[in-house]
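Before any comments, here is the structure.
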Amino acid sequence: MAKKLFDVNIDYSVCKSCGICYWVCPTHTIVEGDLQAPKITDMDKCIGCMQCVNLCPDFAIEVTPRKVVEKK
């Protein structure tokens, strides 16, 4: 069975770069970028645990299941 993939989107217009998301991310999908802003290095590492979404004080992160296109 294939691994479920997720899309991680950060709304930088409301993000205040507090760092909580990259502190709690168990797979380091979100890491510290320039000026402590969160940065996504490899979205395929996301396991959909939703810790970043649940702990973001600004509601700036959205994690959604990625739609899989099956090849025939």
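The values are calculated or read from the model by the stated rules, or taken from the named source; none is laboratory data. Predicted model only: the values in this text are computed from it and were never measured. Methodologically, a virtual Cβ is constructed for each residue, glycine included, from the backbone with ideal geometry; neighbour enumeration extends over all protein chains shown. Each accessible area value is taken on the protein alone, full model and side chains, heavy atoms only, with ligands, DNA and RNA left out. Shrake-Rupley method; radii C 1.70, N 1.55, O 1.52, S 1.80 Å.
Out of the range 6-24, which residues are closer than 12 Å to Met43 by Cβ and either in contact with a helix residue (DSSP H, G or I) (Cβ under 6 Å, 6 or more places away or on another chain) or part of a helix (DSSP H, G or I) (or both)? Before the answer, list the steps.
Filtering the range 6-24 for residues closer than 12 Å to Met43 by Cβ gives 6-10.
Of everything in the range 6-24, just one residue is closer than 12 Å to Met43 by Cβ and either in contact with a helix residue (DSSP H, G or I) (Cβ under 6 Å, 6 or more places away or on another chain) or part of a helix (DSSP H, G or I) (or both), namely Val8.
Among the residues of the range 1-27, those identified as more than 15 Å from Val63 (Cβ to Cβ) and open to solvent by less than 80 Å² (accessible area, probe 1.4 Å) are Val14, Ser17, Cys18, Gly19. Need a quick list: strands (runs of 3 or more DSSP E) entirely within the range 28-72 having at least 2 residues that are over 14 Å from Leu5 (Cα atoms). In the range 28-72, the matching strands (runs of 3 or more DSSP E) lie at 30-32, 38-40.
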